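Asks: Here you go, one structure.
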Amino acid sequence: KFKMKIKELKKNIKINELILINFISLSKKDKYKPKDWRNNEDIKKWMCNDHVITKKEHDVFINNLNMDNKNFYWIVKNIKEEKLGVIYLNNVDFNNKNAYLGLYKNPELNSKEIGIGTQLLKIIVILVFKLLKFHTLRLEVLKDNKRAINLYEKFGFTKEGILKEEIFKDKIFENMVITDIKAKEILNEL
């Protein structure tokens with residue numbers, strides 16, 4: 001049962017008008033896009049790990065995803081073939097029906113484009129609750145990332161706790177906020 005779900009998550013997925021292209025099936029042209037976006041200062045500053053990722057590290061990461069049954073990464077494209085950004089699920093627990101989410105916008109898109117974060121979040125919520133039929137979707141976010149926290153709260157995520165001094169960045173320890181949402185809290189709105 002889980003093997004079938006894992007197999008489906010490793011493929012490209014179409015949801016509504018968006019296409020989720022799994023990192024393991026990215027074309028040569030697009031293979032390094034997520035790395036480049038992730039290394040962008042506007043994205044990297046909000047990541048727990050702000051290390052600049054090399055091509056070699058990215059290649060190893062993608063190769064490891066082939067064998068990984070708990071972590072799944074996709075580039076999200078719209079019908080105009082615009083790459084909106086990246087969504088991912090980590091620590092996917094098929095037994096307990098929960099996972100952690102992550103996302104980041106394509107920084108190359110026109111900065112005036114609004115609602116991309118909302119689109120990325122909505123598509124991952126649909127994937128987790130409608131397709132996988134999971135119970136809980138959870139995330140951790142740096143406490144100073146107010147924009148992201150506001151987006152999650154607007155979607156119905158609730159703060160579950162704080163991991164104090166969890167991340168060491170810029171020579172100081174940062175707190176992480178843990179939030180989650182349950183299927184029953186959002187399914188009717190999808």
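The values are calculated or read from the model by the stated rules, or taken from the named source; none is laboratory data. The structure displayed is predicted, hence computed values, not measured ones. Every residue, glycine among them, receives a Cβ derived from its backbone with ideal geometry; neighbour counts consider all protein chains shown. The protein model used for the area step is the full one, side chains on, heavy atoms only, and it has no ligands, DNA or RNA in it. Shrake-Rupley method; radii C 1.70, N 1.55, O 1.52, S 1.80 Å.
Asks: What is the spin-label model distance, in nm, from residue 189 to residue 147 if the labels are put 7 Å beyond Cα along the C-beta direction?
Replies: Reported label-point gap for residue 189 and residue 147 is 2.1 nm.
Asks: Same structure, new question: Under 5 Å between amide hydrogens, which residues at least 5 positions from residue 166 or on another chain qualify, with H placed 1.01 Å from N in the peptide plane?
Replies: 174, 175, 176
Asks: Next up: Say each of residue 40 and residue 80 gets a label point 7 Å from the Cα, pointing the same way as Cα to Cβ; how far apart are those two points in nm?
Replies: Each label point lies 7 Å from its Cα, and together they span 1.5 nm.
Asks: Which percent of the accessible heavy-atom area of the range 77-190 goes to carbon and sulfur, probe 1.4 angstrom?
Replies: On the way: 2960 of 6280 Å².
Its accessible area is 47 percent carbon and sulfur atoms.
Asks: Next question, about the same structure. With +1 on the Cβ of every Lys and Arg and -1 on the Cβ of every Asp and Glu, and nothing else charged, how large is the dipole of the chain about its Cα centre, in debye rounded to the nearest 20?
Replies: The dipole magnitude comes to about 700 debye.
Asks: Where the convex hull is taken over the Cα atoms of the range 74-173, what is its projected area averaged over directions, in nm²?
Replies: If you wrap the Cα atoms of the range 74-173 in a convex hull and average its projections, you get 7.7 nm².
Asks: Given 5 Å bins starting at zero, what is the percent of C-alpha pairs of the range 93-145 in each, up to the one with the largest pair distance?
Replies: 4, 16, 23, 21, 17, 11, 6, 2, 0
Asks: Next question. Mind checking the range 1-71 for GluC sites (Glu not before Pro) that DSSP puts in a loop (not H, G, I, E or B) and that have at most 16 other Cβ atoms within 10 Å? Don't skip to the end; give the middle numbers.
Replies: On the way: sites: 8, 17, 41, 57; in loops: 17.
Answer in residue order: 17.
Asks: If you count only protein heavy atoms and use a 1.4 Å probe, how large is the accessible surface of residue 54, to the nearest 10 Å²?
Replies: Here the residue's solvent-accessible area equals roughly 60 Å².
Asks: Same structure again: Which residue, 151, 20, 54, has the largest displacement toward the positive end of the dipole of the chain when charges sit on each Cβ (Lys, Arg +1; Asp, Glu -1)?
Replies: The Cα lying farthest towards the positive end belongs to 20.
Asks: Can you check what the Kirkwood hydrodynamic radius comes to for the chain, Cα pairs only, in Å to one decimal?
Replies: 17.2 Å
Asks: At R0 = 22 Å, how high is the FRET efficiency between residue 32 and residue 5 if r is their beta carbon distance? Nearest 0.05 is fine. Walk me through the numbers before you get to the answer.
Replies: Details: r = 28 Å, r/R0 = 1.29.
E(calc), rounded to 0.05, equals 0.20.
Asks: Can you list the residues of the range 168-190 with backbone N under 19 Å from a point 7 Å past the Cα of residue 97, pointing along Cα to Cβ?
Replies: 180-190
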